[in-house]
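Values quoted throughout were computed directly from the atomic coordinates according to the rules given, and no laboratory measurement underlies them. Keep in mind that this is a model prediction, so the values were computed, not measured. Cβ placement follows ideal geometry from the backbone for every residue including glycine, while neighbour counts extend to all protein chains displayed.
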Amino acid sequence: MRATRKQKIPLSSMVAVSANTLAGILDCGRATAVKIGTDANARFQVGKRVLYNVEKVRHYLDTLAE
């Protein structure tokens, strides 16, 4: 199996990210990032990969902050 290539893409242009990348963006642990992504209804699956929609997570966190 081939490893996923790491590319240097600006955060502002990312549409979907993995749980580990989401944890890095949110500056929290992976389990917390998965919970936030799931609560935000941002989780989707492509084949076996699980990704999180960054825009939905941002919107969810904005609504929590209000």
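For the reader, a short list of remarks on this structure follows.
- Residue check, L22 farther than 24 Å from R2 by Cβ and in contact (Cβ under 8 Å) with a residue 12 or more places away in the chain: no
- Filtered residues of segment 41-56 (kept if farther than 18 Å from T4 by Cβ and more than 10 Å from the chain's Cα centre (by Cα)): N41
- Near pairs, Cβ below 8 angstrom, 6+ apart or cross-chain, from segment 33-48 (touching a residue at least 12 places away in the same chain (Cβ under 8 Å) and surrounded by 12 or more Cβ atoms within 10 Å (Cβ to Cβ)) to any residue that is of a type in the set (F, W, Y) and in a strand (DSSP E or B): A33/Y52; G37/Y52; A40/Y52; A42/Y52; F44/Y52
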